[in-house]
């Protein structure tokens, strides 16, 4: 008589190891930055000099500030094409305030205080209009913000009559030319905002609501998340960030040109967000990744210029980075 042999149950499937594609989907921006840093060291022997590092950090600070607001917008499943024009509006308003062209000033410091606050509040209000169009009238974010991308630049040009506003105001220009412990003030501002945004996303109810809205808006609404309010608020935050970046840019240049301030910044911000690993369809917000993505974009530009390649080639490189980032995100999704 044959004995019945007990067959042990099959062991639970072992979690498969991450493939190279999945690894790159998670850490591709860091790998790309490491490679670019090595290339920069080879291409420019003076790359590690304090001056070169400071210049690169200064140029990347504005991108990071705008991209942080863009990260929250993208995390809800939206997009904000108006940030460059909002920068131009903030840059147009600020000199008129501290020069006393809009309201009489009882003291110079009043003009500086107004110039540092009113333009940012104005761009935040315009960001609310973006969110209102998206939530109230169900307009696609790309269309709603395209309106202000076009009209905003025109508003800035009307404010300045299309003229270049040159100025010299040390108190105001501290945000662009000042230094603290050897580093530019805008670099400290960038670092502070990165920390604040990271804490908001990871530790606050609002951060969880942002991810919930982007992950599944219908489920978030059924769970009691105020979807419309969250969406409007992320566009307000994006507008505030754009306003701050606009002030920094004109402070560095000692001039405001409504035709140039913030031009193309929406592309840099979206590229930084995409390269940094924030999924463009929403539901995820990688603040640290956005910082790394912005550094990648800056290093590409720096290396191309160091090699004598025209700056226009950087636009092609940025387009390639966005395509590559989106492809890796799709490949890295489970299942």
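Derivation of every value follows stated rules applied to the coordinates shown; laboratory data play no part. Since the model is a prediction, treat every value here as computed from it, not as a measurement. Every residue, glycine as well, gets a Cβ built from its backbone with ideal geometry; the counts of neighbours run over all protein chains shown.
Between residue 305 and residue 219, 0.36 nm times their residue separation minus their Cα-Cα distance comes to what?
Working: separation 86, 0.36 × 86 = 30.96 nm, distance 4.77 nm.
Gain in length upon complete extension: 26.2 nm.
Among 295, 36, which comes first, then next, by fewest other beta-carbon atoms within 10 Å? Please list the in-between numbers first.
Working: 295 24, 36 19.
The order, fewest Cβ neighbours first, is 36, 295.
Highest first, please rank the peptides 247-257, 296-306, 198-208 by the mean number of other Cβ atoms sitting within 10 Å of their residues.
Values: 247-257: 22.9, 296-306: 21.3, 198-208: 14.5.
Packing order, densest peptide first, comes out as 247-257, 296-306, 198-208.
In nm, to one decimal, how far is the modelled label at residue 208 from the one at residue 42, with both set 7 Å along Cα→Cβ?
About 4.8 nm, to one decimal.
How high is the relative contact order of the chain, given as a whole-number percent (alpha carbon pairs under 8 Å, six or more residues apart)?
Normalised by residue count, the contact order of the chain is 33 percent.
Could I have the simple spin-label model distance between residue 179 and residue 196, label points 7 Å from Cα toward Cβ, reported in nm to one decimal?
2.6
Suppose R0 equals 22 Å; then what is the FRET efficiency for residue 35 and residue 312 from their Cβ-Cβ distance, rounded to the nearest 0.05?
Working: r = 23 Å, r/R0 = 1.03.
That pair, residue 35 with residue 312, gives E of 0.45.
Computed from these coordinates, which is Rg and Dmax of the Cα atoms in Å: [x] 34.6, 116; [y] 20.5, 73; [z] 22.8, 109?
Checking each listed value against the structure points to [z].
Taking the 0 to 90 degree range and rounding to the nearest ten, how far is the long axis of helix 50-75 tilted relative to the main principal axis of the chain, both from C-alpha atoms?
It works out to around 70 degrees.
Determine the gain in length on full extension of the stretch residue 151-residue 51; use 0.36 nm per residue of separation and subtract their C-alpha separation, reporting nm with one decimal. Intermediate results must be reported in sequence, preceding the final value.
Details: separation 100, 0.36 × 100 = 36.00 nm, distance 3.82 nm.
That pair, residue 151 and residue 51, stretches by 32.2 nm at full extension.
Round to the nearest 10 and give me the degree value, 0 to 90, for the angle of helix 227-253's Cα axis relative to the longest principal axis of the chain.
Helix 227-253 sits at roughly 50 degrees to that axis.
Cβ neighbours within 10 Å, averaged per peptide: list 143-150, 176-183, 278-285 in order, most packed at the top.
278-285, 143-150, 176-183
Expressed in nm to one decimal, what extension gain is obtained for the pair residue 103 and residue 59 from 0.36 nm per residue of sequence separation less their Cα-Cα distance? Working shown, then result.
Numbers: separation 44, 0.36 × 44 = 15.84 nm, distance 3.25 nm.
Gain in length upon complete extension: 12.6 nm.
Can you give me the relative contact order of region 203-335 as a percent, contacts being Cα pairs under 8 Å and 6 or more apart?
21
Output the peptides 58-64, 121-127 sorted from most to least packed, where packing is the average of other Cβ atoms within 10 Å over each peptide's residues. Can you show the working numbers first?
On the way: 58-64: 24.3, 121-127: 21.7.
So the order, starting with the most tightly packed, is 58-64, 121-127.
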